[in-house]
1. Given the criteria within 14 Å of chain D (Cβ to nearest Cβ), modelled with pLDDT of 95 or more and either within 30 Å of A:Met131 (Cβ to Cβ) or in contact with a strand residue (DSSP E or B) (Cβ under 7 Å, 6 or more places away or on another chain) (or both), does C:Thr42 qualify?
2. Taking the conditions exactly as written (more than 11 Å from chain A (Cβ to nearest Cβ), modelled with pLDDT of 95 or more and not in a loop (DSSP other than H, G, I, E, B)), does B:Val224 satisfy them or not?
3. Could you tell me which residue of region A:189-201 is farthest from the other protein chains (Cβ to nearest Cβ), considering only residues that are under 13 Å from the mean Cα position of the chain (by Cα) and not in a loop (DSSP other than H, G, I, E, B)?
4. Do you know which residues across region C:90-108 are in contact (Cβ under 8 Å) with a residue 40 or more places away in the chain and within 14 Å of C:Met65 (Cα to Cα)?
5. Given the structure, is A:Gly122 on the phi > 0 side of the Ramachandran plot, within 7 Å of another protein chain (Cβ to nearest Cβ) and over 16 Å from the mean Cα position of the chain (by Cα)?
6. Can you tell me which residue is farthest from C:Val221 (Cα to Cα) among those in region B:211-221 that are at pLDDT 95 or above and touching a helix residue (DSSP H, G or I) at 6+ places or on another chain (Cβ under 6 Å)?
7. From the residues in region D:166-188 that are more than 9 Å from chain C (Cβ to nearest Cβ) and touching a helix residue (DSSP H, G or I) at 6+ places or on another chain (Cβ under 6 Å), which one is nearest to A:Asp162 (Cα to Cα)?
8. Consider region B:131-144. How many of its residues are touching a Leu at 6+ places or on another chain (Cβ under 8 Å) and either of a type in the set (Asp, Glu) or within 11 Å of chain C (Cβ to nearest Cβ) (or both)?
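The values are calculated or read from the model by the stated rules, or taken from the named source; none is laboratory data. Worth saying up front: this structure is predicted, and the values here are computed from it rather than measured. Backbone-built Cβ (ideal geometry, glycine too); neighbour counts: all protein chains shown. With ligands, DNA and RNA removed, areas are computed over all heavy atoms of the protein, side chains included. Shrake-Rupley method; radii C 1.70, N 1.55, O 1.52, S 1.80 Å.
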4 protein chains.
Amino acid sequence: MKVTVVCEHNASMDSEEGKTAYPEGLGVCIAELLKAKDKNVTLIRADEQGVHGLTDEILEKTDVMFWWGHWYHGAVDDALVDKIAYRVQRGMGIVFLHSAHDSKPFKRLLGTTCSLAWREVGEKERLWCVMPDHPIARGLGEYIDVEHEEMYGEPFDIPTPDELVYIGWFRGGEVFRGGCVFHRGRGKIFYFNPGHETYPTYKIDKVRTLLLQACDYVAPVSGVAEKLGCRHFEEFSIK
Amino acid sequence: MKVTVVCEHNASMDSEEGKTAYPEGLGVCIAELLKAKDKNVTLIRADEQGVHGLTDEILEKTDVMFWWGHWYHGAVDDALVDKIAYRVQRGMGIVFLHSAHDSKPFKRLLGTTCSLAWREVGEKERLWCVMPDHPIARGLGEYIDVEHEEMYGEPFDIPTPDELVYIGWFRGGEVFRGGCVFHRGRGKIFYFNPGHETYPTYKIDKVRTLLLQACDYVAPVSGVAEKLGCRHFEEFSIK
Amino acid sequence: MKVTVVCEHNASMDSEEGKTAYPEGLGVCIAELLKAKDKNVTLIRADEQGVHGLTDEILEKTDVMFWWGHWYHGAVDDALVDKIAYRVQRGMGIVFLHSAHDSKPFKRLLGTTCSLAWREVGEKERLWCVMPDHPIARGLGEYIDVEHEEMYGEPFDIPTPDELVYIGWFRGGEVFRGGCVFHRGRGKIFYFNPGHETYPTYKIDKVRTLLLQACDYVAPVSGVAEKLGCRHFEEFSIK
Amino acid sequence: MKVTVVCEHNASMDSEEGKTAYPEGLGVCIAELLKAKDKNVTLIRADEQGVHGLTDEILEKTDVMFWWGHWYHGAVDDALVDKIAYRVQRGMGIVFLHSAHDSKPFKRLLGTTCSLAWREVGEKERLWCVMPDHPIARGLGEYIDVEHEEMYGEPFDIPTPDELVYIGWFRGGEVFRGGCVFHRGRGKIFYFNPGHETYPTYKIDKVRTLLLQACDYVAPVSGVAEKLGCRHFEEFSIK
């Protein structure tokens, strides 16, 4: 399986907290996790100048994409967003992490503002599983704890998820639909809220297992279609 | 209730069939229907040069929009599409008719290609109600017949509707999810497949009642919000 | 609109806390609330001997039923449960409150165990609205606070709600899908978790408004059908 | 994987048409199909005297159950229905075929009457796939043809399916949600409408592939839980 990890680099990652959480870099952390499970991973950098090196060739071979972005959503080229959305519609899986709720491809695919409430004090989040038979939650028990996380709160302006897998509880008083699957065209989307760049969330065992299971779950069931479009029938299909 | 009807004018409407179906014009037919039920209606023309006269002032006072377009989707200005989508997200209702499945605002709000199969031989469609308790279907019985209609067939590349109200049967062998409600943000969207410009579909009694009930159903429940966006909480909401 | 309120009487209601919360009785509290909005209300008592006086005549005239039960679910007659379920399937609305999650009619209509986690220490619940355009939530803002409530926690063994309106946050660390709509047949069901008999939850203004809006929302759109059943067609409906 | 096939024997199967369609017996046909793919299959007979030999031991080892019944739904013991439903709620998969729409376990799990319209003239059904990325539809193309089938038509009184995979078109003018997935508790249910006992539907290649893929899809993701029930928490889970 070919996986492309698009991960923004921002100054917050170069802070002491950022470097402590991910000395190797957040993007490298995710890429290494996937590589260790025999995924063929390409790591792509995004920054204030946009996404670097995500060529058509790479995109058209990608089975599953991971997307982490925060400060520089606006720098992502609209034509690239169109291409990514179209590949999802044709079957590619995609996992949006944390602040990617506000990324262009996520909003393009969902059609809503994806706005939310937020607070950054490093509080505790407990993610309760509300769909215990879901493949993404397999073996992870009733909940997942994240000791320090940025709060994301409802109302989260998304369409009703096709599969609501996790709801997060935050110490400060909020709830959040933090683990959601959406189907768009032939592709599957998974959104997962934990993962602020200054907390080592992606080092937590259960979160790592979840990300791997999400990768497998959103992978194309029947490949990625070459194209989608209207089809003209001249005559009755059945007399 | 303020309703804005955006209706394309194309050469097919000037054909003999088009003029026989709607001597007054398809847009006028819809506008008159709504006016007769005390809606405050503004009729807006679209053509190969785009949408004419849909000012910010009109848009910002619209409770429900109707959209019929076919040949000139590409001429609709992207900035206008953004504004319409944002008003739906804030609470405006919108009804997309027939070939508007391929319009920019519909695709922007749903995030899929909205592609389908089609055949234009004027065959019979019977729309079966699969949600008999739905307000849009009130009093309309088990099905609605349209003697001559353009066939639209599955797979219809839309997200799973939040409410699937009607499924169409076509004589030539196809089925179609032809009456669907989607919620996007605080707004409701209704898509209804019948209504090719050369058949007098919008003269059928049951279809007329359905369009009026759809207008009322998608109207804002709690007004249209001034803006939507992320909200920052500095401290715990609950100690 | 004819509303039938079925409310259990149990010894906990006769405790000091129970009498302080509802000196008039919890069932009377709900009945009076509805009466004040011009509902034609019949209050029915349930206890360890079952449901008293819910005759076929009363049932067959009921548009909306409210159900509150806790200790004596097992005493409810199975034949009565069948009748209630069948009337919901034909169009009657029903609101299940608090511990009615474990009542026979609720489980009969949903097909799951409806089990959950619980803790009774009178902690704070905040119910966040995740569907701001829903008629049940109209005018109630982003959340509803209940200062002292029994905790109900996930996993809540229910089918995915057709409309998830509220998610509760509990001080002790849990979340709960506490405001849910289900469609079954032509009828609508609303479940709402707050309302333990020793806390004056149904005296809270927002909760009262919500209950009234729920009553209107689940009321039959097109009346209650006389019967539902398979229908035999001898010949083709369309040649 | 342990699969239990419960199949009714009725007089219609002993008719010339029945014997021509399935000389080996309809139940044997399904059992052999599954055995050939390395399922460990137990075939159980049902008839006017009920279900024969479905012991607790067999049930408690079953991963996936298939259920075909028609004339003798009423003979199935209610206590057995309870046990089957409880095992589905705990994780067992179940596939209901054709006239099993009216079986007790199906109605118990869905909570509706599951009534429909029907006509038995052996007309053509074409099942259109409306969820092309679904594992049950993998490799089966846009539609499945069944040359001769009993018509089942809408309105089909079921809750909105969690996953609507196929919609059937019937030559005589009806449509039907004929391939539906429901989640109940930790278990998955698949309903598939084709399969009247006098037509050799289960000999069609695509139908056979679909049944095998359905079996795999509804199989438990995380095993079958020993029991489900409410859980009492004495103290705050999080301080």
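1. Numbers: within 14 Å of chain D (Cβ to nearest Cβ): no; modelled with pLDDT of 95 or more: yes; either within 30 Å of A:Met131 (Cβ to Cβ) or in contact with a strand residue (DSSP E or B) (Cβ under 7 Å, 6 or more places away or on another chain) (or both): yes.
So C:Thr42 does not fit the description; no.
2. Working: more than 11 Å from chain A (Cβ to nearest Cβ): yes; modelled with pLDDT of 95 or more: yes; not in a loop (DSSP other than H, G, I, E, B): no.
Answer is no for this residue.
3. Per the criteria, the residue is A:Phe192.
4. Start the filter on region C:90-108 by keeping residues that are in contact (Cβ under 8 Å) with a residue 40 or more places away in the chain, which leaves C:90-101, C:106.
Those that are in contact (Cβ under 8 Å) with a residue 40 or more places away in the chain and within 14 Å of C:Met65 (Cα to Cα): C:Arg90, C:Gly91, C:Met92, C:Gly93, C:Ile94, C:Val95, C:Phe96, C:Leu97, C:Ala100, C:Phe106.
5. Details: on the phi > 0 side of the Ramachandran plot: yes; within 7 Å of another protein chain (Cβ to nearest Cβ): no; over 16 Å from the mean Cα position of the chain (by Cα): yes.
Against the criterion (on the phi > 0 side of the Ramachandran plot, within 7 Å of another protein chain (Cβ to nearest Cβ) and over 16 Å from the mean Cα position of the chain (by Cα)), A:Gly122 does not qualify.
6. Step one: list which residues in region B:211-221 are at pLDDT 95 or above, which gives B:211-220.
Next, only the ones that are touching a helix residue (DSSP H, G or I) at 6+ places or on another chain (Cβ under 6 Å) stay: B:213-214, B:217.
Details: B:Gln213: 12, B:Ala214: 14, B:Tyr217: 12 Å.
Top of the filtered list is B:Ala214.
7. The qualifying residue nearest to A:Asp162 (Cα to Cα) is D:Lys188.
8. Step one: of region B:131-144, the residues touching a Leu at 6+ places or on another chain (Cβ under 8 Å) are B:131, B:136-137, B:140, B:143-144.
Right, trim to either of a type in the set (Asp, Glu) or within 11 Å of chain C (Cβ to nearest Cβ) (or both) and you get B:131, B:136-137, B:140, B:143.
Here the count works out to 5.
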